[in-house]
Amino acid sequence: MVAPRKRLDREQRRTQLLDIGAQLFADRSYEDVWIEEVAEIAGVSRGLMYHYFPTKRDFFAAIVERESQHLLEVTAPDASLPVREQVAAGLDAYFAYVKSHSRGVRAINVGTLSAEAGIRAIVERELEQQQIRILDALEFEGEKRQIAAVAVRGWIAFVRAVCLDWLDQPSIPQEELRVICLRTLSGALGIDLET
């Protein structure tokens with residue numbers, strides 16, 4: 001559906017374009033989204049689209065950056081909760097995000113851009129922030145924190161891989177996925193996060 005032409009300030013227009021792009025990339029692969037289509041839906045010229053985002057890759061990177069920030073917001077821990085509940089709530093928020101953005105998640109993790117340095121850097125910053133959150137909640141210090149950092153980083157990669165498999169096998173209940181992930185983190189850290 002094409003939007004009627006409407007004058008927006010620079011930030012409103014940029015937000016509009018990113019919103020349209022996020023929806024298109026959530027529903028389709030990177031290769032199946034065309035800048036011309038985004039411009040048409042927004043009711044702007046292709047030239048204006050390129051004014052905001054010089055290339056399709058730049059457009060996609062801006063969406064990934066914004067979605068990474070959104071993911072950090074929706075998975076933000078409630079420090080007043082016990083660690084297990086913080087991790088479980090973060091997992092549930094992440095699962096909901098993966099489910100509602102399945103194409104985009106695949107594009108970032110296994111698509112043609114998954115090896116692209118700029119996209120990887122955005123994803124890595126978000127993963128590092130998630131890692132720090134968990135380590136801070138665990139309150140480990142010194143060498144124990146260093147060892148836990150390796151375990152948590154590996155666990156985050158595990159959760160991402162599990163979620164990609166879950167997209168292919170959506171009949172697995174989310175509750176079971178949570179249990180698998182919590183058990184794995186408990187085992188990696190040598191602490192009980194399951195009860």
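The values are calculated or read from the model by the stated rules, or taken from the named source; none is laboratory data. Values in this document were obtained by computation on a predicted structure and should not be read as measured data. Positions of Cβ are backbone-derived with ideal geometry, glycine not excepted, and every protein chain shown enters the neighbour counts. For accessibility, only protein heavy atoms count, side chains too; no ligands or nucleic acids. Shrake-Rupley method; radii C 1.70, N 1.55, O 1.52, S 1.80 Å.
Could you state the accessible area per residue of segment 1-152 in Å², with a 1.4 Å probe and every protein chain left in place?
On the way: 8240 Å² over 152 residues.
Per-residue value: 54 Å².
Rounded to the nearest 10 Å², what accessible area does ASP9 have for a 1.4 Å probe in the complete protein model?
For ASP9, the solvent-accessible surface is approximately 80 Å².
From largest accessible area down, sort VAL179, VAL64; use a 1.4 Å probe on the protein chains.
Values: VAL179 55, VAL64 5 Å².
Per-residue accessible area, sorted high to low, gives VAL179, VAL64.
Where is the GNM fluctuation largest for the chain (alpha-carbon springs, 10 angstrom cutoff): TYR52, TYR97, TYR30?
Comparing TYR52, TYR97, TYR30 in a Gaussian network model of the chain, the most mobile one is TYR52.
So what is the relative contact order of segment 17-141, in percent, for Cα pairs below 8 Å that sit 6 or more residues apart? Intermediate values should be presented prior to the final figure.
Working: 94 pairs, mean separation 40.0, N = 125.
For segment 17-141, the relative contact order is 32 percent.
With unit charges on the beta carbon (Lys/Arg positive, Asp/Glu negative), name the residue among VAL152, PRO170, LEU185 whose Cα is farthest towards the positive pole of the charge dipole of segment 144-195.
The listed residue farthest towards the positive side: VAL152.
Let's see if you can work this out: charge +1 on each Lys and Arg Cβ, -1 on each Asp and Glu Cβ, no other charges. What is the dipole magnitude of segment 1-107 about its Cα centre, in debye to the nearest 20?
On the way: 15 positive and 16 negative charges, 70 e Å.
With Lys and Arg at +1 and Asp and Glu at -1, about 340 debye.
Tally up the carbon and sulfur contribution to the accessible surface of the chain as a whole percent, 1.4 Å probe, everything protein left in place. Provide the component values of the computation, followed by the final result.
Values: 5720 of 10550 Å².
The C+S portion of the solvent-accessible surface of the chain is 54 percent.
Quick one: ranking ARG183, ARG66 by accessible area, 1.4 Å probe, largest first, what do you get? List each step's numbers first, then the result.
Working: ARG183 140, ARG66 70 Å².
The ranking, largest first, comes out as ARG183, ARG66.
By the scheme Lys and Arg +1, Asp and Glu -1, what is the net charge of all other residues having a beta-carbon under 14 Å from that of ILE156?
Details: positive: ARG125, ARG133, ARG153, ARG160; negative: GLU124, GLU126, GLU128.
Here the charged neighbours net out to +1.
Any idea how far the Cα center of segment 59-109 sits from the one of segment 135-195, in Å?
14
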